[in-house]
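Right, one structure below, let's go through it.
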Amino acid sequence: MASWQTRAVCLYLRATRKARYSTTERGLQALANGIPPAAPPRTLEGRLFTEQVAGFEISKVRPSANRSTMAGVLVYLHGGAFVNGIAKQHWDLVSFLADATGHEVWVPQYGLAPAHGADDARAFLEAVHDRLRDDRAVHVLGDSAGGNLALLLAQAHTGDRSIVGLIAPWLDLSISNPQIDAVEPHDPWLSRAGLRPIAVQWAGEHGLQDPAVSPLFGDLTKLPPTEIFVGTRDICLPDSRLLRDRAKSSGSVTLHEDVGSPHVYPLLPTPEGRGARDAIVRHVERTFARS
């Protein structure tokens, strides 16, 4: 049973967030009026550095001095339905991961719709990949729309020393899995009607199920060690299960389902969120140790 904190968060989300993507018209409004990026917290002063790569910004968060290690680097791709900038909750998770793992965290600030699309993001992430040192393992972590990009990046570089973590990933831009029908009424945040016009804009000239924009339809036979964290009150759940099942032959995907939790629950201030964050740290440390 979900904690009272999670139940309270679900009530809050339904009251304050559900309307944003509830209809096609609302989705078009969200597309035209994306939420601007949140400023990094002051707690990162002195250990946050930025650089420009291919016309976009990468923020690099170093861990506290007593945990610093050069064994590997995390790349965190934030969510936001491809239209919203990085949020405070993303910065909080990035800070936590840097301190808890001792690894530097790179945060690429990819271009958002409607000004940018999937091809722009893929080109930028290729440039980011080129900036990574070849002698360090890489853990690519992303939530929601960022999970989509994280898996696309991993699929493009299957021979690398990479590890993948996905938080409620948006794996199929068409959101056409029939199993979503049973989940959507219980999702306090997301609705397909409002997300579809955003997906069409983001995909550009690609079809919504083109593997170039929907990694669920890409090559799943050579994935690196991948863990997925998703709640049962999240329309991303059915496709997360489908990814696990399609990649079963490779044995590389582990799915963590949290009963009663909403979208991107590891970012939330709940007992379930804290447990998931600790599990992500264990995954990072375990897989980096093998590299």
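Read-outs: derived from the displayed coordinates by stated rules, not from any lab. Computed from a predicted structure; not experimentally measured. Virtual Cβ from ideal backbone geometry, glycine too; neighbours counted across all protein chains shown.
Work out Dmax and Rg for the range 70-172 from the C-alpha atoms and quote the Rg first, both in angstrom.
12.8, 37
Could you state the number of Å between the C-alpha centres of the range 10-58 and the range 223-291?
Cα centres, the range 223-291 to the range 10-58: 22 Å.
By how many nm would the segment from residue 245 to residue 282 lengthen if fully extended, with 0.36 nm per residue of separation less the alpha-carbon distance? Don't skip to the end; give the middle numbers.
Details: separation 37, 0.36 × 37 = 13.32 nm, distance 2.32 nm.
Gain on extension, residue 245 to residue 282, equals 11.0 nm.
Quick check on the chain: of the DSSP beta bridges with both residues there, what percent are antiparallel, nearest 5%?
Looking only at bridges with both residues in the chain, the antiparallel portion is about 30 percent.
Ignoring solvent entirely, what values of log10 I(q)/I(0) come out of the Debye formula for the range 1-132 at 0.15, 0.21, 0.22 Å⁻¹ when each Cα is a single scatterer?
Here the Debye-derived log intensity ratios amount to -0.85, -1.22, -1.26.
Which one of 4, 273, 128 is farthest out on the positive end of the charge dipole of the chain, using unit charges on Cβ (Lys, Arg +1; Asp, Glu -1) and the Cα centre as origin?
4
Whole-Å semi-axes of the chain's equivalent ellipsoid, largest first, each the root of 5 times a Cα gyration tensor eigenvalue? It would help to have the intermediate numbers written out before the result.
Values: eigenvalues 137, 89, 82 Å².
Square roots of five times the eigenvalues give 26, 21, 20 Å.
Taking amide H positions as placed in the peptide plane 1.01 Å from N, state which residues far from residue 229 in sequence (5 or more) or on other chains have amide H under 5 Å from it.
166, 167, 168, 256
Within straight cross-link reach of residue 222, meaning Cα distance under 19 Å, which lysines are found once same-chain residues fewer than 8 apart are removed?
Residue 222 reaches 248.
If neighbour count is taken as other Cβ atoms inside 10 Å, put 227, 45, 285, 104 in order from fewest to most.
On the way: 227 23, 45 8, 285 16, 104 20.
Fewest to most other Cβ atoms nearby, the residues stand as 45, 285, 104, 227.
By counting other Cβ atoms within 10 Å of each Cβ, how are 86, 180 ranked from fewest to most? Show your work: numbers first, answer last.
On the way: 86 25, 180 19.
Fewest-to-most ranking of 86, 180: 180, 86.
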